[in-house]
Structures are given as structure tokens and as C-alpha cells.
Amino acid sequence: MKSLLKIVVILLVIITVSCNGTKTEGKEYDDVTYFTMNGDELKRPTDYRSWVYIGTPLTPNDMNNGKAAFPEFHNVYIDPVSYDHWKTKGEFRDGTIIIKELTSVGSKAAVSGNGYFMGEFTGLEATIKSSKHFANEPGNWAYFSFTNPNGGNVADNAKAFDTNQCNACHDANAADDFVFTQYYPVLAATKGVGAKSPENSSVR
């Protein structure tokens, strides 16, 4: 009985060490993904507002001949594992997903003054770097939209845009590996900094 108990204890220790080992050897995990592909369709990601927020570019309609390509505020998030990888190595890992949540411009006046203020949610976009799923795409990046062009609810699944619709522009104009890091100070400031946290510094 004592021998059996000892064996059980040893097995529990081995299992515990093994499980913990997958999460303690570093902050980057090559097998961790924050997206699900159903065939050639991307399932709409969930809980992305708890990821790392990297910025809110603004392309208002009234500055783009009445119709911006991606109106109008873009709240952008990157999955946390890929953010840690970016901080450590200064590159986007295979498995990176970046979400762009679109909102309209609401009021242009507030007690704080005149400006552009967020209105209602209008759409959802995503971009993914995956050599497994997009081996033939430039940089292994693919781009998706869950937005309903007629307004209303976003879709549950989305197919990737054709290569010529997105990749060429990103390749020609993005500062880092098809990503417009020049418009995201959070990414620009954390590229390859390792364990540092630039937001804690007084330097701006």
C-alpha cells in the first residue's frame, strides 16, 4: 500500500512539474494561438478587449472625401503572447493576431472642447501571421473583415481578402513586417526592449 502511495505521489509531482514547465520557461509559447480557423474561414475572435491595446488611429470620413476606407476610429489590440514576443525579439511571431475594432465619430463637441469623439461600434477587422495557414501569402499575413457593409451585427466567420487587396499596400508602406508600427507608439517604443516597460519611464 505504501509503495502504491509513493508511486501516485511521484506521478503527481511529475505531472505538476510538466504542466508548470510549459508556462515557466518563458513568456513566448509557439503553440499558443488566439484564433481558430474553420477551413478557410476565421472564426470571430473573442475577449480581444482584454489583450494588449496598442493604439487608436483615426481616419474620419470628413477628411477622406466623405468615405474613409476604414472609418473611423480603429481601436487596435494584439494578443498578449505576441506582444511579449515583440518586446523580447522585436519581431512578430508566427501566430500573431491583431484586431482592429471600428467605431464611428460621434459628437464633435464636448465640455473639453471641439474634436473627434467616439460614437457607436461599426465593424471588426483582423490580421494574422501564420505560415501554417497562409504559407502562400506575402509575409504569411492574411487580412479579414467581419464587418457588415450594410450595418448591423458583425459576422461569425470571415474569409481572407485576396492578396492584392491588402498585402501590397502593407508591404510597401508598413514599417515592420507588414504592420504599420509607425502609427502605433506602443509598438514603436517596445520593439526588442526585453523585460523593460517603457511606459514606466519619464522619457517621452
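Packing-wise, with mean Cβ within 10 Å as the measure, how do 76-87, 150-161 rank, highest first? Don't skip to the end; give the middle numbers.
Numbers: 76-87: 22.5, 150-161: 13.1.
Peptide ranking by packing, descending: 76-87, 150-161.
Please report the relative contact order for the chain, taking Cα pairs under 8 Å with a sequence separation of at least 6, and give it as a percent rounded to a whole number. Intermediate values should be presented prior to the final figure.
Numbers: 334 pairs, mean separation 36.4, N = 204.
It comes to 18 percent, rounded to a whole number.
Using θ = phi - 60° and the Karplus curve 6.51 cos²θ - 1.76 cosθ + 1.60, what whole-Hz ³J(HN,Hα) does each residue of the stretch 51-56 get, with Gly and Pro shown as x?
Once θ is set to phi - 60°, the couplings for the stretch 51-56 become 7, 8, 7, 10, x, 9 Hz.
Grab the eigenvalues of the alpha-carbon gyration tensor for the stretch 87-204, scale each by 5, take roots, and send me the semi-axes largest first in whole angstrom. Please list the in-between numbers first.
On the way: eigenvalues 143, 127, 29 Å².
One finds semi-axes of 27, 25, 12 Å for the stretch 87-204.
What number, in percent, do you get for the relative contact order of the stretch 75-178 if the mean sequence gap of Cα pairs under 8 Å and at least 6 apart is divided by its residue count? Please list the in-between numbers first.
On the way: 171 pairs, mean separation 20.0, N = 104.
For the stretch 75-178, the relative contact order is 19 percent.
Could you run the Karplus curve 6.51 cos²θ - 1.76 cosθ + 1.60 with θ = phi - 60° over the stretch 198-204 and give me ³J(HN,Hα) per residue in whole Hz, x for Gly and Pro?
3J(HN,Hα) across the stretch 198-204, in whole Hz: x, 5, 8, 8, 7, 6, 10.
Starting from the exponent 0.38 and prefactor 2.2 Å, build the expected Rg for the stretch 89-134 from its residue count and divide its actual Cα Rg by it. If you can, show how the numbers build up before the last one.
On the way: Rg = 17.0 Å, N = 46, 2.2 N^0.38 = 9.4 Å.
Cα Rg divided by the expected 2.2 N^0.38 Å: 1.80.
Based on the mean of other beta carbon atoms within 10 Å per residue, what is the order of 197-204, 181-188, most packed first?
Working: 197-204: 7.9, 181-188: 17.4.
The peptides rank, most packed first, as 181-188, 197-204.
For residue 117 paired with residue 36, estimate the spin-label separation in nm (one decimal), with each label point 7 Å from Cα along the Cα-to-Cβ line.
3.9 nm
Which stretch or stretches of the stretch 124-151 have amide N atoms under 14 Å from the point lying 7 Å from residue 168's Cα along the Cα→Cβ direction?
138
Quick one: which residues, 5 or more positions from residue 106 or on another chain, have an amide H under 5 Å from its amide H? H modelled 1.01 Å from N in the peptide plane, none for Pro or chain starts.
Under 5 Å from the amide H of residue 106 lie the amide H atoms of 117, 118, 119, each far enough along the sequence or on another chain.
Taking each pair of different alpha-carbon atoms in the chain once, compute 1/r for the pair, average those values, and report the inverse of that mean as the Kirkwood hydrodynamic radius in Å to one decimal. Don't skip to the answer; put the middle values down first.
Working: mean 1/r = 0.0516 Å⁻¹.
About 19.4 Å for the chain.
For a protection proxy built on the mean count of beta-carbon atoms within 10 angstrom, sort 118-129, 56-67, 41-52 highest first, please. Mind dumping the intermediate values first?
Numbers: 118-129: 18.5, 56-67: 12.2, 41-52: 15.6.
Ranking, from highest mean packing down: 118-129, 41-52, 56-67.
Just want the answer: with Cβ charges of +1 for Lys and Arg and -1 for Asp and Glu, which residue in 99, 81, 115 is farthest toward the dipole's positive end in the stretch 74-134?
Farthest towards the positive end: 81.
Which entries in 67/196; 108/196; 100/132; 87/132; 108/191; 89/132 show an alpha-carbon gap greater than 30 Å? Display every interim value, and only then the final one.
Working: 67/196 40 Å; 108/196 38 Å; 100/132 22 Å; 87/132 23 Å; 108/191 34 Å; 89/132 21 Å.
Table pairs above 30 Å Cα-Cα are 67/196; 108/196; 108/191.
Bear in mind these aren't lab numbers, they're just calculated from the coordinates by the rules spelled out. The shown structure was predicted, so the numbers you read here are calculated from the model rather than taken from an experiment. Using ideal geometry, Cβ is built from the backbone for each residue, glycine included, and neighbour counts are taken over all protein chains shown.
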